[in-house]
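*Asks:* Below is one structure. I have some questions about it.
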Amino acid sequence: MLNRWASQSLLSLFVLFITACNALRHSQPYRSRQSSPGVVTGSTTRDGDGNPFVRREVRDLKNYYPDQWNLYLLALESLHWADQTDPYSFFGLAGIHGRPYQIWEDAPGIDAKIGTAGYCPHSNGLFLGWHRPYVALFEQVVQSYMINIANHAPSDRIERYLTAANEFRLPYWDWAQGTSLGPVPDFFMSPTITVTETDDTQTDIYNPLYSYKFKPVPDGFDEKWVHINETIRWPGSDDFWASSQQGMFADAFKSQSNNLISQLGVVFRSSSFGKFASNVEDPHGWMHGIVGGGWDPQQSPYRGHFWPLEYSAYDPLFMLHHANVDRLLAIYQAAHPDRWMEPSNIGPHGNVFLEDYQTVSADTPLLPFRKASGDFWTLNDCRETAVLGYAYPETQRWQYASDADYTQNANAVVAKLYDGRSRAQLMAQPVTAGGQMLLTPNHTFTDWTISTHALASALPATFIVKFSLVATFSSDQSLDVGNWMVLMPSQHATLAHTSTTPASSRSSVVRGITSLTAHLVDQVYAGKLDSLDPRDVVPYLAEYLTWNVYSGNGTRIPLSALDGTLEILVLSTSAHIPDDTDMPIMYGGDVIAHPAATRAKSGGSSDTLS
């Protein structure tokens with residue numbers, strides 16, 4: 001153990017030396033170039049027609065835009081090395097999200113919450129909108145570093161690299177297409193990476209997409225995080241010298257890809273902005289677990305930084321992850337331009353600038369992000385991504401002759417990328433080997449989901465409901481068929497629902513929906529289920545569907561302890577696959593509940609919750 005620790009320490013010292021030598025050549029404090037503290041402009045460069053440049057999928061950026069890619073890595077390296085006291089250093093920007101719970105650039109907070117909560121709103125209606133200026137702020141800082149590096153290129157290359165820097169927008173990692181885009185990119189998992197400098201020489205640097213090294217670990221961290229000076233993924237223990245097990249990260253992503261694909265089908269069929277925001281937060285949270293680890297005691301109970309929300313922004317993949325979540329929102333907006341945030345009560349999910357149980361709207365200020373006017377951004381202010389200086393490949397509105405054409409294209413994107421797995425499965429094999437028709441001649445089928453309701457006061461701040469089908473061939477094996485989770489910072493774990501809390505608040509219900517159809521189709525093809533008809537599916541689920549509930553640290557919560565506070569209900573609806581491949585699956589308006597599928601099990605459907 002000591003020898004392993006010593007060798008890891010020597011490696012860390014070596015890569016730290018490489019980082020310091022390389023980064024100091026490019027480092028220049030960002031704050032000195034800021035005209036006004038805390039102002040988020042996004043990237044302000046535009047193309048010749050005045051349109052914003054495009055955020056690209058990270059593998060696309062690496063493979064087809066090498067100058068941008070190399071400048072991006074060099075800029076991230078410099079940003080990682082910036083003094084942690086600089087609010088625009090990597091540390092300063094990451095700290096906005098959670099710990100060490102410090103006020104950023106004098107943005108006000110609720111006096112009683114300062115020092116005990118971060119700015120990020122989770123599990124409430126501001127979740128998506130808040131991250132939009134947050135990622136844009138990070139983007140503008142990275143681009144500033146890139147422009148600085150380009151300006152120090154050899155004189156005959158300055159124009160070339162300035163063009164690349166000006167056209168750069170932060171990449172996203174499209175994890176929701178799963179296996180269609182391959183495994184976890186290897187450049188996420190290597191401690192070092194080769195970059196091409198502006199003088200065309202190649203240099204090995206410490207990979208700024210692999211981890212962030214604290215310099216030093218600050219006051220305000222707690223538990224084991226006080227002793228860990230580098231972000232880790234899937235550590236093998238809680239010891240401070242534990243290293244990342246990147247293979248566990250890659251394996252977790254591979255095993256969950258089908259669930260992520262299926263769940264995005266549920267997300268994009270959301271009938272309102274509020275439902276979309278709630279539904280997309282589920283796979284978003286699951287990606288935190290896939291990258292960080294710690295949510296599955298059967299794999300590893302030890303958490304990496306990406307799993308607890310209050311530390312997650314320090315992992316370099318955070319911004320790529322949230323750029324993708326923002327992209328999913330932008331696509332949903334393009335497909336449904338009439339849908340937007342409506343006022344809602346946030347329940348016990350306040351933060352440093354939101355009181356618990358207050359009502360928020362699209363006009364609620366998104367602290368700590370200021371506009372040039374000095375006011376704080378709101379969802380209404382940044383409803384269009386162009387105001388923050390970017391678009392996505394699918395949301396370049398200016399390429400379309402009309403708004404109708406733009407919306408039609410967005411729906412085609414959903415149909416091709418995010419319609420779930422069922423479409424491809426059923427169109428490829430609509431009739432089973434036994435002659436059962438899963439898809440009618442007019443391409444209609446029965447879609448199945450699991451609806452979960454839980455009393456927020458009865459569960460930990462972060463909890464996971466894991467669904468499985470007990471395998472018909474062995475009671476000791478089961479098939480993972482999806483999850484539903486609520487992911488919250490740890491400070492919410494201490495919330496007390498006392499007699500002074502309004503009864504309506506104490507009994508607030510959180511809801512989730514989990515796609516089941518693709519797994520049932522797999523079972524049909526495997527000969528373990530006859531069809532998707534309720535007469536076959538309901539008794540099958542009654543026998544084989546199981547679930548377990550876990551806290552955020554992987555501790556299993558006995559279902560008996562949740563009697564009357566958890567309800568699992570199976571739902572079905574009719575769905576139609578259009579002949580036009582550019583049209584998403586159309587779901588019927590009539591949803592049928594099947595309480596018999598879960599009633600006999602602890603937590604099964606009842607009349608307890610509403």
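*Asks:* Under a 5 Å amide H to amide H cut-off, with H placed in plane at 1.01 Å, what residues pair with Phe376 once short-range neighbours are removed?
*Replies:* Lys371
*Asks:* Could you run the Karplus curve 6.51 cos²θ - 1.76 cosθ + 1.60 with θ = phi - 60° over the stretch 542-547 and give me ³J(HN,Hα) per residue in whole Hz, x for Gly and Pro?
*Replies:* 4, 8, 10, 6, 10, 8
*Asks:* Test of understanding: what is the full-extension gain from Ser574 to Thr192, defined as 0.36 nm times their sequence separation minus their Cα-Cα distance?
*Replies:* Numbers: separation 382, 0.36 × 382 = 137.52 nm, distance 5.08 nm.
That works out to 132.4 nm of additional length.
*Asks:* Arranged from highest to lowest average of other beta-carbon atoms within 10 Å per residue, in what order do the peptides 592-603, 103-114 appear?
*Replies:* On the way: 592-603: 16.5, 103-114: 15.0.
Answer by packing, highest mean first, reads 592-603, 103-114.
*Asks:* Given the peptides 83-96, 510-523, arrange them by the average over their residues of other C-beta atoms within 10 Å, most packed first. Walk me through the intermediate numbers first.
*Replies:* On the way: 83-96: 20.5, 510-523: 22.1.
The most tightly packed comes first, giving 510-523, 83-96.
*Asks:* Among Lys113/Lys213; Lys254/Lys416; Lys254/Lys466, which pairs are too far apart, with a Cα-Cα distance over 26 Å? Intermediate results must be reported in sequence, preceding the final value.
*Replies:* Values: Lys113/Lys213 28 Å; Lys254/Lys416 21 Å; Lys254/Lys466 17 Å.
Pairs exceeding the cut-off: Lys113/Lys213.
*Asks:* Enumerate the whole-percent occupancy of each 10 Å bin, from 0 to the last occupied one, for all C-alpha pair distances of the chain.
*Replies:* The distribution over the chain is 3, 16, 27, 27, 17, 8, 2, 0, given as percents.
*Asks:* Here's another thing I want to ask about it. At a 10 angstrom cut-off on C-beta neighbours, averaged per residue, how do the peptides 58-67, 195-204, 383-392 rank from highest to lowest? Each step should come with its number before you reach the end.
*Replies:* Values: 58-67: 16.0, 195-204: 13.9, 383-392: 19.7.
Answer by packing, highest mean first, reads 383-392, 58-67, 195-204.
*Asks:* Can you work out ³J(HN,Hα) from phi for every residue in the stretch 162-174, in order, using Karplus 6.51 cos²θ - 1.76 cosθ + 1.60 and θ = phi - 60°, giving whole Hz and x for Gly and Pro?
*Replies:* Working through the residues one at a time gives 5, 4, 5, 5, 5, 8, 5, 9, 4, x, 10, 10, 7 Hz.
*Asks:* Using a Förster radius of 25 Å, what is the FRET efficiency between Tyr587 and Met437 based on their Cβ-Cβ separation? Nearest 0.05, please. Walk me through the intermediate numbers first.
*Replies:* Values: r = 19 Å, r/R0 = 0.77.
E between Tyr587 and Met437, to the nearest 0.05, is 0.80.
*Asks:* With runs of 4+ DSSP H residues as the only contributors, calculate the mean residue ellipticity of the chain at 222 nm using -39,500 (n - 2.57) per run, divided by the residue total and rounded to the nearest 500.
*Replies:* -10000 deg cm²/dmol
*Asks:* May I pose another question? Calculate the spin-label point distance for Ala600 paired with Ser180, positioning each point 7 Å from the Cα along the beta-carbon direction, and give it in nanometres.
*Replies:* Going by the 7 Å Cα→Cβ label model, 3.9 nm.
*Asks:* State to the nearest 20 debye the size of the charge dipole of the chain about its Cα centre, where the only charges are +1 on K and R beta carbons and -1 on D and E beta carbons. Write down the numbers at each step before the final one.
*Replies:* Details: 40 positive and 61 negative charges, 114 e Å.
Dipole of the chain, to the nearest 20 debye: 540 debye.
*Asks:* Could you give the length gained by full extension between Asp222 and Arg160, i.e. 0.36 nm per residue of separation minus their alpha carbon distance, to one decimal place?
*Replies:* Gain in length upon complete extension: 17.7 nm.
*Asks:* Can you compute 3J(HN,Hα) from phi for each residue in the stretch 138-149, using the Karplus curve 6.51 cos²θ - 1.76 cosθ + 1.60 with θ = phi - 60°, rounded to whole Hz and x for Gly and Pro?
*Replies:* Taking θ as phi minus 60°, the curve returns 4, 4, 5, 5, 4, 4, 4, 5, 5, 5, 4, 5 Hz for the stretch 138-149.
*Asks:* What fraction of the DSSP beta bridges in the chain is antiparallel, stated in percent and rounded to the nearest 5? Mind showing how you got there, number by number?
*Replies:* Numbers: 51 of 57 bridges.
Rounded to the nearest five, the antiparallel share is 90 percent.
*Asks:* In whole Å, what are the extents of the stretch 421-597 along the principal axes defined by its C-alpha atoms, from largest to smallest?
*Replies:* For the stretch 421-597, the Cα extents along the three principal axes come out at 59, 39, 27 Å.
*Asks:* Continuing with this model, one more query. Among Val486, Phe369, Gly220, which residue has its Cα positioned farthest towards the positive end of the charge dipole of the chain, with +1 placed on the Cβ of Lys and Arg, -1 on the Cβ of Asp and Glu, and the dipole taken about the Cα centre?
*Replies:* Most positive-ward Cα: Gly220.
*Asks:* Cross-link candidates for Lys215: which lysines have Cα within less than 25 Å, leaving aside residues fewer than 8 places away along the same chain?
*Replies:* Within the straight-line cut-off, Lys215 pairs with Lys224.
*Asks:* Let me ask something additional. Which cross-chain or sequence-distant (5 or more) residues have an amide H under 5 Å from the amide H of Ser243, H modelled 1.01 Å from N in plane?
*Replies:* Amide H neighbours of Ser243, under 5 Å, 5+ apart: Gly236.
FYI, it's all coordinate maths here, none of it is from the lab. Being a predicted model, the structure only gives us computed values, none of them experimental. Ideal geometry is used to build each Cβ from the backbone, glycine not excepted, and the neighbour counts take in all protein chains shown.
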